[in-house]
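Notes follow once the structure below has been shown.
Bear in mind that the values in this text are calculations on the coordinates, not laboratory data. Everything numeric here is computed off the predicted structure, so don't read it as measured data. Here the Cβ positions follow ideal geometry from the backbone for every residue, glycine too, while neighbour counts run over all protein chains shown.
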Amino acid sequence: MRGTVWFVGAGPGDPELITVKGRSLIERAGAILFAGSLVNEAATRWAPAGCEIADSKDMTLEQMAAWLIERAARHATVVRLQTGDPALYGTLIEMVQPLDAAGIPVAVVPGVSSAMASAAAAVESFTLPEVTQTTIFTRVEGRTPMPEGESLRELAAHRCTLCIFLSITLLHKVETELRAAGWPEDAPVVVVHKASWPGEERILRGTLATIKRQCRDAGIVSQSMVIVSPTLGSRHWPELTRSRLYDPSFTHRFRRASVPGTPAPEAP
Ligand code: SAH
């Protein structure tokens, strides 16, 4: 038997935020290796009786690959459950390479990233017409060095939305870099701790000048998304440039304009 190893995005924490496909793979898994430190164990609640379930938190990458390869020899469906989406700051490629070398089929099921769960928790939009149409997923330099051209200072110069992962203990660096990029002291910053985790989610709203102290006072030192964006708080703006897609004067493929003065449609 040669099973498939499925890398499944478990979502940001709320067990209901796994995809239907991810859940049905868990329901028929012969073995599940989950990232214990981050993935809510509840994500394994749908595993069938007799499923081998292991926590990878004390394993090296080599041990994880060996575990998956060994289980794929015995089970048709082996699941590696990862936090959020597997394509962001996971060790997807490092794990896929040894599986490829062993000739084991691999597939990936996307998950709800904590960036999206954080936006949802705070009722924020990363894009707004004529404010910003771009979102950057990044981090500040910790033990993993940033490639050239990707310092927060350089990225922040775009004045678009920044979702800063893995950086809650490095807020001093976030502040220094944003200031160096010219963001004002009153630039809004939102920190979402444990987005979507039932009963544990916390949302702090502050500014470049205040957010570090707010996080310290609240004791927030882990599992948090830092969002910096010119769109933050737009729910309360009195004047908003509306998206043209829903504008009554705008015709597109699915709807004729109900008022005259229709601009040329944009490709959907
Ligand atoms: N693949 C994951 C990210 C893993 S890196 C994803 O797509 O979300 C781990 C970082 O993700 C943490 O340092 C934190 O910045 C962020 N994170 C993970 N879960 C989170 C949550 N529930 N709420 C806020 N941030 C979270």
Seminar exercise, completed: With N residues in the chain, Rg(alpha-carbon) / (2.2 N^0.38 Å) equals 1.17
Seminar exercise, completed: Descending packing, highest mean Cβ count within 10 Å first, for 52-61, 217-226 is 217-226, 52-61
Exercise. Counting only DSSP beta bridges with both residues in segment 4-109, what percent are antiparallel, rounded to the nearest 5?
Worked result: 5
Exercise. Roughly what % of DSSP beta bridges within segment 114-236 run antiparallel, to the nearest 5?
Worked result: 75
Problem set entry | Cross-link partners of LYS173 among lysines (Cα-Cα below 17 Å; sequence separation of 8 or more within a chain) | LYS212
Problem set entry | Computed label-point distance, nm, for sites GLU130 and LYS21 using a 7 Å Cα→Cβ extension | 3.9
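What number, in percent, do you get for the relative contact order of segment 114-236 if the mean sequence gap of Cα pairs under 8 Å and at least 6 apart is divided by its residue count? Don't skip to the end; give the middle numbers.
Numbers: 223 pairs, mean separation 39.6, N = 123.
Here the relative contact order equals 32 percent.
Note down the Stokes-Einstein diffusion coefficient of segment 114-236 in µm²/s, whole number, using a Kirkwood radius over alpha carbon pairs, 37 °C, and 0.692 mPa s. Please report the intermediate quantities before stating the final value.
Working: Rh = 14.3 Å.
Answer from the Stokes-Einstein relation: 229 µm²/s.
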Exercise. Across every pair of different alpha-carbon atoms, what Kirkwood hydrodynamic radius in Å does segment 4-109 reach?
Worked result: 13.3
For this session: Could you go through segment 218-232 in sequence order and give the Karplus-derived ³J(HN,Hα) for each residue, using 6.51 cos²θ - 1.76 cosθ + 1.60 with θ = phi - 60°, rounded to whole Hz, and x for Gly and Pro?
Result: 8, x, 8, 10, 8, 6, 9, 9, 9, 10, 10, 6, x, 8, 4
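Show that you can apply the helix-only estimate: for the chain, add -39,500 (n - 2.57) for every DSSP H stretch of four or more residues, divide by all residues, and state [θ] at 222 nm to the nearest 500. Before the final figure, lay out the partial values.
Details: 7 runs with 62 residues, N = 268.
For the chain, the value works out to -6500 deg cm²/dmol.
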For this session: DSSP loop (so not H, G, I, E, B), at most 16 other Cβ within 10 Å: list which GluC sites (Glu not before Pro) in segment 130-226 pass both filters.
Result: GLU130, GLU141, GLU148, GLU150, GLU185, GLU200
For this session: Take every DSSP beta bridge whose two residues both sit in the chain, then give the antiparallel share in percent to the nearest 5.
Result: 45
For this session: List the lysines whose Cα lies under 26 Å from the Cα of LYS21, skipping any in the same chain that are fewer than 8 positions away.
Result: LYS57, LYS194
Problem set entry | For the chain, size of Cβ-based charge dipole, Lys and Arg +1, Asp and Glu -1, in debye | 540
